[in-house]
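Asker: Below is the structure I would like to discuss, written out as structure tokens.
The values are calculated or read from the model by the stated rules, or taken from the named source; none is laboratory data. The structure displayed is predicted, hence computed values, not measured ones. Note that we place each Cβ from the backbone using ideal geometry, even for glycine, and neighbour counts take in every protein chain shown.
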Amino acid sequence: MNTSVKASMKSMSTRTRVLTGAAVLVAVGGGAFGAVAVAAPSDGKPADKPAAAANDTRGQDLFTTQHLTVGAATKAAEAALDAATKAGQKVTVAVVDRNGNTIVQLRGDGAGPQSFESAQRKAFTAVSWNAPTSVLAGRLAQAPNLKDIPGTLFLAGGAPVQAKGAPVAGIGVAGAPSGDLDEQFAQAGIAALNG
């Protein structure tokens, strides 16, 4: 080292010298690594595939599903809530995706506390069986243990959203004095998507 660098190093605190030395080592090490990486020999053979590419699943082992966008789910939920509001009803609306996950949920002004979970469960039930929950409620007479399936609610007010006959979402409405009204509002949400 030249004399001025030695003098500068002596006037620095021990901590500053350690940090400066570490920074120099990182810079030198990084430069050496970069040089090695750039100078890697090329024998003209294609590089090995990364591990992720080697583990790709074959296309024939996959399938594609359709889901509503957040915008479409919001449009449907707002249409259902608007229909309920115009009818003087205080409800909650839930829109779930094909897997039963909530995309959008709107709780109308004055809707009861039970309506929040009920709307989600009706939407889940409708998309799970690809049928309105009013129809499914009728099936309980033949299979009463259906009601024991977690997350379901076999009361009118849920309707499936379909694309080419397959369920892609469910709309659930809860809070009106009858399930028939709830389901009417859910159908208004579906109509908004089809219109």
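Asker: Being touching a helix residue (DSSP H, G or I) at 6+ places or on another chain (Cβ under 8 Å) and more than 14 Å from E183 (Cα to Cα) is the filter here; which residues of region 52-89 pass it? I'd like the intermediate steps shown before the answer.
Answerer: Quick first cut of region 52-89, residues touching a helix residue (DSSP H, G or I) at 6+ places or on another chain (Cβ under 8 Å) only: 68, 72, 75-84, 87, 89.
Scanning region 52-89 gives L68, A72, K75, E78.
Asker: Considering only region 77-111, state which residues are farther than 12 Å from G172 by Cα and either part of a loop (DSSP other than H, G, I, E, B) or outside the structural domain of A163 (by TED's automatic domain parsing) (or both).
Answerer: Scanning region 77-111 gives A87, G88, Q89, K90, R98, N99, N101, G108, D109, G110, A111.
Asker: Being surrounded by fewer than 20 Cβ atoms within 10 Å (Cβ to Cβ) and within 20 Å of the chain's Cα centre (by Cα) narrows it down to one of Q105, Q114, so name that one.
Answerer: On the way: Q114 fails: within 20 Å of the chain's Cα centre (by Cα).
After applying the criteria, what remains is Q105.
Asker: Based on what the data block shows, is G151 in contact with a helix residue (DSSP H, G or I) (Cβ under 6 Å, 6 or more places away or on another chain) and assigned to a loop (DSSP other than H, G, I, E, B)? Step through it out loud before you land on a result.
Answerer: Numbers: in contact with a helix residue (DSSP H, G or I) (Cβ under 6 Å, 6 or more places away or on another chain): yes; assigned to a loop (DSSP other than H, G, I, E, B): yes.
It is true that G151 is in contact with a helix residue (DSSP H, G or I) (Cβ under 6 Å, 6 or more places away or on another chain) and assigned to a loop (DSSP other than H, G, I, E, B).
Asker: Another one. It is to be established whether one or more residues within region 164-171 are surrounded by fewer than 22 Cβ atoms within 10 Å (Cβ to Cβ) and either among the hydroxyl-bearing types (S, T, Y) or free of Cβ contacts under 8 Å to residues at least 40 places away in the same chain (or both). Give the derivation first.
Answerer: We begin by selecting, within region 164-171, every residue surrounded by fewer than 22 Cβ atoms within 10 Å (Cβ to Cβ); these are 164-168.
From the residues that got through so far, the ones that are either among the hydroxyl-bearing types (S, T, Y) or free of Cβ contacts under 8 Å to residues at least 40 places away in the same chain (or both) too are 164-165.
Within region 164-171, one or more residues are surrounded by fewer than 22 Cβ atoms within 10 Å (Cβ to Cβ) and either among the hydroxyl-bearing types (S, T, Y) or free of Cβ contacts under 8 Å to residues at least 40 places away in the same chain (or both).
Asker: Next up: Which number in (1) at pLDDT 70 or above; (2) not assigned by TED's automatic domain parsing to the domain that holds P167 marks the one condition that R15 misses?
Answerer: Result: R15 passes all but (1).
Asker: So for region 145-156 (the condition being surrounded by 15 or more Cβ atoms within 10 Å (Cβ to Cβ), of a type in the set (S, T, N, Q) and over 18 Å from A73 (Cα atoms)), does at least one residue qualify?
Answerer: Within region 145-156, one or more residues are surrounded by 15 or more Cβ atoms within 10 Å (Cβ to Cβ), of a type in the set (S, T, N, Q) and over 18 Å from A73 (Cα atoms).
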